[in-house]
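S.K.: Have a look at this one.
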Amino acid sequence: MAASLLSHGMRRCSAHTCAAAAAAVAVRRGLSSAAPPSVFNGLLLKLNRYFYDVEHIVGWNHWARTKLVQSKNTFYGYVQQNFGDNIGAAYYILTLRGSFRFAGQSEWFRPDSRGRFRYDFMSKPDAQIEEVDLSGSIINHNGLDNLVKQNKLQSLSVRGCPEVDDWFLARLHVFGESLVELDVSHCPRVTVGGLAALQNLRKLQRLDISGLARLQSPGLVRILLEEMLPHCRVTGAEYEQGLIQPDTREPTEEDHEASANTAVRHL
């Protein structure tokens, strides 16, 4: 009897197994024979893949740019140790596609349109740099480590440099006894806090703050800078810029009456 019960149980298990297998096959067939996604759903899928790819590309570009900025603003200690501080600073400026002039000389050293430059500046290891133009370069506050020993630096232009920020301006205090002219115009990261740090530049005579997008009241900032640096000529902002607000109130009866009287007088 036990044998017959065992045989009966095995037959029931086989039947259930076959039924489950048949159900799985039916589900697969149903899925394979399902209607294709609608045009709208297909468009959504394509857009999802597209924006995912765009986001991935944007993220990769940001990472690559960050690495480039870091590599370009590294400290050229090897060059300075082997060729001196002046040659190290000159080499750094040229690698950023900037230009410079040694003190007491009229010749400017600058790379060509492809960023290549001659190494004849290395024949003047004792000459210090007096003027530097790094406009449009990717210099940042870390890169200043290559320039801090240029205690005869009188003119510095970082016009339109996207990486120049308040930290950069705060580090310029090392040129407090030499810097005469500074151009920080069109630097998108500069705020009034960074400009306030320029109070340490006691010899500064000319300062350009044109096109600083983060200044809400450029006229007021100019007034404050001139108070802070009384011997400095600040350009790039008019006194009334950002101070005079347009009259947006509704005209009153007095305004209309005054306008009418003015018109009568003109008649």
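The values are calculated or read from the model by the stated rules, or taken from the named source; none is laboratory data. Quick caveat, the model's predicted, so the values are computed rather than measured. In this analysis, Cβ positions are derived from the backbone assuming ideal geometry, glycine residues included, and neighbour counts consider all displayed protein chains. Keep in mind that these areas ignore ligands, DNA and RNA; they rest on the heavy atoms of the full protein, side chains included. Shrake-Rupley method; radii C 1.70, N 1.55, O 1.52, S 1.80 Å.
S.K.: So how exposed is T74, as accessible area in Å² (1.4 Å probe, rounded to 10)?
M.R.: The accessible area of T74 comes to roughly 60 Å².
S.K.: Computed over the Cα atoms, what is the radius of gyration of segment 129-183 divided by 2.2 N^0.38 Å, N being its residue count?
M.R.: 1.00
S.K.: Which percentage, to the nearest 5, of the DSSP beta bridges contained in segment 67-210 is antiparallel?
M.R.: That works out to approximately 40 percent antiparallel.
S.K.: Could you give the length gained on full extension between F75 and S217, defined as 0.36 nm per residue of separation minus the Cα-Cα distance, in nm?
M.R.: Length gained between F75 and S217: 47.5 nm.
S.K.: Among the listed pairs K124/K152; K149/K203; K72/K203; K46/K67, which are separated by more than 21 Å between their Cα atoms?
M.R.: Flagged as over cut-off: K72/K203; K46/K67.
S.K.: For segment 58-199, what ratio Rg/Rh do Cα atoms give with a Kirkwood hydrodynamic radius?
M.R.: On the Cα set of segment 58-199, Rg over Rh gives 0.96.
S.K.: With every protein chain left in place and a probe of 1.4 Å, what is the accessible surface of L43, to the nearest 10 Å²?
M.R.: 90 Å²
S.K.: Shifting gears a bit: At a temperature of 25 °C and a viscosity of 0.890 mPa s, determine how fast segment 180-230 diffuses translationally according to Stokes-Einstein, using the Kirkwood radius over alpha-carbon pairs as Rh; express D in µm²/s, rounded to the nearest whole number.
M.R.: Calculated translational D: 223 µm²/s.
S.K.: What is the gain in length, in nm to one decimal, between E240 and L43 on full extension, counting 0.36 nm per residue of separation less the C-alpha to C-alpha distance?
M.R.: Residue separation times 0.36 nm, minus the Cα-Cα distance, leaves 65.6 nm.
S.K.: How large is the charge dipole for segment 101-142, taken about the Cα centre, if only the Cβ atoms of Lys, Arg (+1) and Asp, Glu (-1) carry charge, to the nearest 20 debye?
M.R.: So the magnitude is around 220 debye.
S.K.: State, as an integer percentage, the relative contact order of segment 129-194 based on alpha-carbon contacts under 8 Å between residues 6 or more apart.
M.R.: 37 percent.
S.K.: Follow-up question, since we're still on this one. Which whole-number percent gives the relative contact order of segment 86-225, counting Cα pairs below 8 Å spaced six or more residues apart?
M.R.: So the answer I get is 18 percent.
S.K.: So if we plug the beta-carbon distance of S113 and M228 into 1/(1 + (r/R0)^6) with R0 = 35 Å, what FRET efficiency do we get, rounded to 0.05?
M.R.: Efficiency at R0 = 35 Å is approximately 0.30.
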